[in-house]
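Written out below as structure tokens is the structure these notes cover.
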Amino acid sequence: MPDKSAAASKLKYHRIILKLSGEVLRGAKGGEAIDAATLEKICGQVKEIHALGAQICLVIGGGNIFRGLQGAKHGVDRTTGDYMGMLATVINGLAIMDCLEKMGVKTRVQSAIPMNQIAEPFILRRAMRHLEKKRVVIFVAGTGNPYFSTDTTAALRASELHADIIMKATKVDGIYDKDPKKHDDAVRYEEITFIDALRQRLNVMDSTAFSLCLDNNVPILVFNLSQEHAIKDAVLGKKIGTLVRN
């Protein structure tokens, strides 16, 4: 049997908030809203760091199914659209739960909107207890309020749970000084301070989430999820993506 305590001692970050956009579940080809192979690959990476002893909370978006701002462009009331987006995160959260449980990883889904038949309500002390019992906690339905993104949810939960870091897994390998798709001379940062990111108006997180992280000194690591063992490399403190800190 591997010594989990020895493995955990190698971790740079012990309690993490892993922020996933709903879009990453689509997979590279962008077909079905939840691509089974992509879901399994992501959950495999989560299982890998769980085995190392990391305490993991997942915050999942719903953009692969419905996005509130997208609905507003088509005449859906913003508040209604945001609630629709929150329900989309529940679908994604349940998919991740099911996949992780089939891999032997114990999970709990906590929802900011009461829906007792499928998820626990978000209760901070209960979430802390789940982490202590080595369960992966999946936060769904955002903050439960319209006009707040799942980025804000990640920042809020990280502050409440005293997480070591927010790991924002994306389809890009970090933060650049300008759009690398449009500019060949774009430079990727290995590290940048919150203040410099603000000054340069870099698109790290939305302003509310970013302010929460700045005020509560929660670092953010932005990295490419498609890289093999990316999450493991991140929790071990290897050079990956871009770290935003005070």
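Residues that are closer than 20 Å to residue 58 by Cβ, open to solvent by less than 30 Å² (accessible area, probe 1.4 Å) and out of contact with any helix residue (DSSP H, G or I) (no Cβ under 7 Å at 6 or more places or on another chain): which strands (runs of 3 or more DSSP E) entirely in the stretch 104-213 hold 1 or more of them? Before you say what the answer is, go through the steps one by one.
Details: elements: 107-111, 136-140, 165-170, 191-193.
In the stretch 104-213, 165-170 are the strands (runs of 3 or more DSSP E) which contain 1 or more residues that are closer than 20 Å to residue 58 by Cβ, open to solvent by less than 30 Å² (accessible area, probe 1.4 Å) and out of contact with any helix residue (DSSP H, G or I) (no Cβ under 7 Å at 6 or more places or on another chain).
Counting only residues that are among the aliphatic types (A, V, I, L, M) and within 15 Å of residue 246 (Cα to Cα), which one in the stretch 170-201 is modelled with the highest pLDDT?
Within the stretch 170-201, the subset among the aliphatic types (A, V, I, L, M) is 172, 175, 186-187, 192, 195, 197-198.
Restricting the remaining residues to those that are within 15 Å of residue 246 (Cα to Cα) gives 192, 195, 197-198.
Values: 192: 94, 195: 91, 197: 90, 198: 88.
Going through the qualifying residues, I end up with 192.
Mind listing just one residue for me: the one in the stretch 70-85 that is under 20 Å from the mean Cα position of the chain (by Cα) and in contact (Cβ under 8 Å) with a residue 60 or more places away in the chain and, of those, farthest from residue 109 (Cα to Cα)? Please lay out each step first, then the result.
Going residue by residue through the stretch 70-85, those that are under 20 Å from the mean Cα position of the chain (by Cα) are 82-85.
Among the residues that remain, those that are also in contact (Cβ under 8 Å) with a residue 60 or more places away in the chain are: 82-83.
On the way: 82: 20, 83: 18 Å.
So, considering only residues that are under 20 Å from the mean Cα position of the chain (by Cα) and in contact (Cβ under 8 Å) with a residue 60 or more places away in the chain, the one farthest from residue 109 (Cα to Cα) is 82.
Among the residues of the stretch 48-78, how many are surrounded by fewer than 24 Cβ atoms within 10 Å (Cβ to Cβ) and assigned to a loop (DSSP other than H, G, I, E, B)?
Residues in the stretch 48-78 being surrounded by fewer than 24 Cβ atoms within 10 Å (Cβ to Cβ) and assigned to a loop (DSSP other than H, G, I, E, B): 11 in total.
Any residue that is of a type outside the set (Ser, Thr, Tyr), closer than 23 Å to residue 156 by Cβ and either open to solvent by less than 10 Å² (accessible area, probe 1.4 Å) or part of a loop (DSSP other than H, G, I, E, B) (or both) - is there at least one of those in the stretch 26-39?
In the first step, residues of the stretch 26-39 are kept if they are of a type outside the set (Ser, Thr, Tyr); the result is 26-37, 39.
Those still in the list that are closer than 23 Å to residue 156 by Cβ too: none.
Among the residues of the stretch 26-39, not one is of a type outside the set (Ser, Thr, Tyr), closer than 23 Å to residue 156 by Cβ and either open to solvent by less than 10 Å² (accessible area, probe 1.4 Å) or part of a loop (DSSP other than H, G, I, E, B) (or both), which makes the answer no.
Would you mind stating whether residue 232 is over 19 Å from residue 151 (Cα atoms), in a helix (DSSP H, G or I), open to solvent by 30 Å² or more (accessible area, probe 1.4 Å) and of a type outside the set (A, V, I, L, M)? Outline the logic, then answer.
On the way: over 19 Å from residue 151 (Cα atoms): yes; in a helix (DSSP H, G or I): yes; open to solvent by 30 Å² or more (accessible area, probe 1.4 Å): yes; of a type outside the set (A, V, I, L, M): yes.
The answer is yes for residue 232.
The values are calculated or read from the model by the stated rules, or taken from the named source; none is laboratory data. Note that the structure is predicted; figures quoted are calculated from it, not measured. Cβ sites come from the backbone with ideal geometry, for glycine too, and all protein chains shown count toward neighbours. These area figures cover heavy atoms from the full protein model, side chains too; ligands, DNA and RNA do not enter into them. Shrake-Rupley method; radii C 1.70, N 1.55, O 1.52, S 1.80 Å.
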